[in-house]
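Undergrad: Attaching a single structure in structure tokens format; questions to follow.
The values are calculated or read from the model by the stated rules, or taken from the named source; none is laboratory data. As the structure is a prediction and not an experimental result, all values here were calculated from the model. Here Cβ is always computed from backbone atoms with ideal geometry, including for glycine, and neighbour counts include all displayed protein chains. Note: accessible area is taken over every heavy atom of the protein model, side chains too, but ligands, DNA and RNA are not part of it. Shrake-Rupley method; radii C 1.70, N 1.55, O 1.52, S 1.80 Å.
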Amino acid sequence: MTDDKSARVGIVMGSDSDWPKINAVAAALDEFGVAYEVHVMSAHRTPEVVQQYAASAVARGLKVVIAAAGGAAHLAGVVAAHTTLPVIGIPVPTGLSGGLDSLLSTVQMPGDVPVATVGVGSGGPRNAGLLAVQILATADDRLARKLVEFKKNLAQKIAGKDKVLQASLGKTAD
Ligand code: RP5
């Protein structure tokens, strides 16, 4: 496992087969210029690696860990068991009801071991990246300012979509 000394966010996933389904998480971090590292490790196939990674995450300078897994998706929970860092879980879509198995395995944590779980597919991975940025922004003014801009741009984008819709319906703004 290579260590990236500048990484503030650790992204881990249960299999390389997860990456194409969740790589929007990295795109969101890139958008905000947040350094991250990405690794494949499995709560079931390589439990010792997961334990070591999570237990050493604080000492290596990480501030947030994002963990993605599908099916019996225990990765985020196991990471959370071994670190005091905030852990964000990404349930990966599967063939079983779109990933209901992943969602329930990730979100249904016992009390005392929180995992902030995002949605399955769609905006879930992107939201995981944005949530990590928001966590980091509580102690980073540059990121906090970028988030304010992000919200402004979002409002403009949606207003633009509404304008296009109204025009397509033959309605004009009053
Ligand atoms: C999970 O099993 C992984 O996160 C992945 O979603 C799923 C299938 O893994 P592969 O069989 O494709 O390696 O642990």
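Undergrad: Which trypsin sites (Lys or Arg not before Pro) in the stretch 38-120 pass both tests, a DSSP loop state and at most 15 other beta-carbon atoms within 10 Å?
TA: Sites meeting the loop and neighbour criteria: Arg45, Arg60.
Undergrad: Taking the Cα-to-Cβ direction at Ser168 and at Arg45 and moving 7 Å from each Cα, how far apart do the two end points lie in nm?
TA: Rounded to a tenth, the inter-label distance reads 4.2 nm.
Undergrad: Here's something else I'd like to know. Which Rg and Dmax, in Å, describe the Cα atoms of the stretch 98-171?
TA: 17.5, 54
Undergrad: Find the accessible area per residue for the stretch 24-150; the probe is 1.4 Å, ligands and nucleic acids are left out, and the unit is Å².
TA: That works out to 45 Å² for each residue.
Undergrad: Another one. Within straight cross-link reach of Lys171, meaning Cα distance under 23 Å, which lysines are found once same-chain residues fewer than 8 apart are removed?
TA: Lys157, Lys161, Lys163
Undergrad: What FRET efficiency do you get for Arg142 and Arg60 if R0 is 35 Å and r is their Cβ-Cβ distance, rounded to the nearest 0.05?
TA: That pair, Arg142 with Arg60, gives E of 0.95.
Undergrad: Please report the carbon-and-sulfur percent of the accessible area for the chain; probe 1.4 Å, protein heavy atoms only, DNA, RNA and ligands left out.
TA: With neighbouring chains kept in place, the figure for the chain is 57 percent.
Undergrad: Output the peptides 98-105, 30-37, 151-158 sorted from most to least packed, where packing is the average of other Cβ atoms within 10 Å over each peptide's residues.
TA: 98-105, 30-37, 151-158
Undergrad: Hey, if you put +1 on the Cβ of every Lys and Arg and -1 on every Asp and Glu Cβ in the chain, which of Leu96, His44, Ala137 ends up farthest toward the positive end of that dipole?
TA: The residue sitting farthest along the positive end of the dipole is Ala137.
Undergrad: Can you give me the C-alpha center-to-center distance between the stretch 12-46 and the stretch 87-148, rounded to a whole angstrom?
TA: 12
Undergrad: Cut-off 10 angstrom, C-alpha nodes, Gaussian network model of the chain. Which of Pro93, Pro20, Pro125 fluctuates the most?
TA: Pro20
Undergrad: Another question, then. Put +1 on the Cβ of every Lys and Arg and -1 on every Asp and Glu Cβ in the chain; which of Leu29, Ala80, Val107 then has its Cα farthest towards the positive end of the dipole?
TA: Ranked along the dipole, the leading option is Leu29.
Undergrad: Could you give the Stokes-Einstein D for the stretch 45-143 in µm² per second, using the C-alpha Kirkwood radius, 10 °C, 1.306 mPa s?
TA: Estimated via Stokes-Einstein, D reaches 116 µm²/s.
Undergrad: OK, next. Roughly how compact is the stretch 107-149, stated as its Cα Rg over 2.2 N^0.38 Å to two decimals?
TA: 1.39
Undergrad: While we're looking at this one, here's another question. When all C-alpha to C-alpha distances in the chain are sorted into bins of 5 Å, what percent of pairs does each bin hold, rounded to whole numbers?
TA: 2, 9, 17, 19, 18, 12, 9, 6, 4, 3, 2, 1, 0
Undergrad: I would also like to ask the following. Going 7 Å from the Cα of Leu100 in the Cα-to-Cβ direction, what parts of the stretch 112-150 have a backbone nitrogen less than 15 Å from that spot?
TA: 120
Undergrad: Can I ask one more? State the extension gain, in nm to one decimal, for the chain segment bounded by Ser17 and Glu149, taking 0.36 nm per residue of separation less the distance between their alpha-carbons.
TA: Roughly 44.1 nm would be gained on extension.
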